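In what follows, a single structure is set out as structure tokens and then discussed.
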Amino acid sequence: MGESFDLEQTDRLLTTTRAVRKRLDLTTPVPRDLILDCIRIATQAPAGGNVQRWRWIVVDDPALKLGVAELYRKSYAPYMAAQREAAERMGKTDTQAIMGSSDHLADVLDQVPALVIPCSLGAPVGSQGTVSAFYGSILPAVWSFMLAARSRRLGTAWTTLHLEYEAEARQLLGIPETVTQVAMTPVAYYTGDSFKPGTRRAAEEITYFNGWKP
């Protein structure tokens, strides 16, 4: 039957890789070699045309981390104000924990041992299909990076808010104009022993076979 995997371990990795914000260890350095190991795993992700146009910027210099964090915070404040207003308008009360952890991340972002910014050569221009192919050729690699980090007791969180000031980040980090930043994830060891799967709708409720279900 060919090679097999430990399904219990594999499923645990896939279902417990959470966005880590409050539980990031801000005091323990993350070795560069460990981040390179995660990137090495990520390079095996699929890409359109099997062309890996990826570049990974690892920011661990304190001054540069502060610069990226300040750009993130400039975007974060108005974004979260709008989110809180929308939640209040809809009477939602289950978002406070997430918002609180997001506030914490914004506050301590410059103290995280490393910030990883995945980039892709070129720009997402053209038809919707072309744009989807552009991002679809790098986002699986970013997720693979986050899974590899989780398996090494590293916490990550997918963020994109600094991209509101992508030009400023480009200037700060010397990124060419021909390169697109697609995300930014803090990387740190996480505190505590475990993570649990999130609450999700049943697969049967959101899966339609052979067409849309009215």
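Computed values, structure above
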quantity	calculated
Ser75 being over 24 Å from Arg200 (Cβ atoms) and free of Cβ contacts under 8 Å to residues at least 40 places away in the same chain	no
For Ala81: the one exception among (1) more than 17 Å from the chain's Cα centre (by Cα); (2) assigned to a helix (DSSP H, G or I); (3) at pLDDT 95 or above; (4) of a type in the set (A, V, I, L, M, F, W, C)	(3)
Some residue of region 62-78 being assigned to a helix (DSSP H, G or I), of a type in the set (Lys, Arg) and in contact with an Asp or Glu (Cβ under 6 Å, 6 or more places away or on another chain)	yes
Index of the failed condition, Thr159 passing every other in (1) among the polar types (S, T, N, Q); (2) touching a strand residue (DSSP E or B) at 6+ places or on another chain (Cβ under 7 Å); (3) at pLDDT below 95	(3)
Residues located in region 128-137, provided they are surrounded by 16 or more Cβ atoms within 10 Å (Cβ to Cβ) and either of a type in the set (S, T, N, Q) or modelled with pLDDT of 95 or more (or both)	Ser137
Residues of region 182-214 that turn out to be under 24 Å from Pro29 (Cβ atoms) and of a type outside the set (A, V, I, L, M), as a count	9
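The values are calculated or read from the model by the stated rules, or taken from the named source; none is laboratory data. Remember, it's a predicted structure, so these values are computed and weren't measured experimentally. When we count neighbours, we look across all protein chains shown, and the Cβ atoms used for this are built from the backbone with ideal geometry, even at glycine.
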